[in-house]
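All remarks here apply to the structure that follows.
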Amino acid sequence: MSTSLFERLGAEKGIIKIVDDVVEAHMNNPVISARFTPYLEQPENLAKVKSHTVNFFITGSGGPQVYAGRTMETTHRGMNISAEEYMETMDDIFLVLDKHGKDAQTKKDVLEILWSLKGMIIGK
Ligand code: HEM
């Protein structure tokens, strides 16, 4: 029997660590940091966005259905996110998955999810 992506990402604990590291990587990525550094001044808001993102990946990877945040289109509407910025977020995510020792199949599964979301996030 194959292990779910949720399990391979380390279940809730593993996903929390991955999201923490990805957000830190975004804060340090010069192409997209301006989108994220303002949240350093709003710790409560940052915690809420992080917790929604953790729940989004728990739900989307085959864990319990817990996502209660907004849709991807609603969340990113008005941000006018470019394809380049989207590629940078993906790069950050894959560097973190490498750092956490995730295998090629796991990264492929994550890539499939991110690829399917791009039309809901870019240029809105
Ligand atoms: C790679 C695919 C992406 C996924 C899966 C994703 C997912 C999410 C999720 C789940 C939230 C929280 C929604 C909520 O709190 O209701 C969020 C918020 C946010 N995302 Fe994304 N996102 C992606 C790409 C991007 C990109 C490319 C940018 C900009 C460079 C971006 C900027 C933001 C910002 C600034 C927020 C906070 C919005 C707020 O405070 O209202 N996201 N994202």
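Laboratory data are not the source of any read-out in this text; all were calculated from the coordinates shown. None of these values were measured; they are calculated from a predicted model.
Which one of THR89, THR53, THR71 has the biggest mean-square fluctuation once the chain is modelled by GNM with Cα springs under 10 Å?
THR71
With respect to the cross-link table entries LYS13/LYS124; LYS48/LYS118; LYS17/LYS48; LYS102/LYS124, which display a Cα-Cα separation exceeding 27 Å?
Working: LYS13/LYS124 32 Å; LYS48/LYS118 22 Å; LYS17/LYS48 15 Å; LYS102/LYS124 31 Å.
Table pairs above 27 Å Cα-Cα are LYS13/LYS124; LYS102/LYS124.
Specify the residue with the greatest mean-square fluctuation among VAL23, VAL96, VAL66, computed from a Gaussian network of the chain linking alpha-carbon atoms under 10 Å apart.
So, out of VAL23, VAL96, VAL66, the one fluctuating most is VAL66.
Please find, in a Gaussian network model of the chain (springs between Cα atoms separated by less than 10 Å), the residue of PHE57, PHE94, PHE36 whose mean-square fluctuation is greatest.
Top of the fluctuation ranking is PHE36.
On a 0 to 90 degree scale, rounded to 10, what angle separates helix 11-27 from the longest Cα axis of the chain?
So the inclination is approximately 30 degrees.
If you fit an axis through the alpha-carbon atoms of helix 83-99 and take the longest principal axis of the Cα set of the chain, what angle between them do you get, 0 to 90°, nearest 10?
For 83-99 against the chain, the angle is about 40 degrees.
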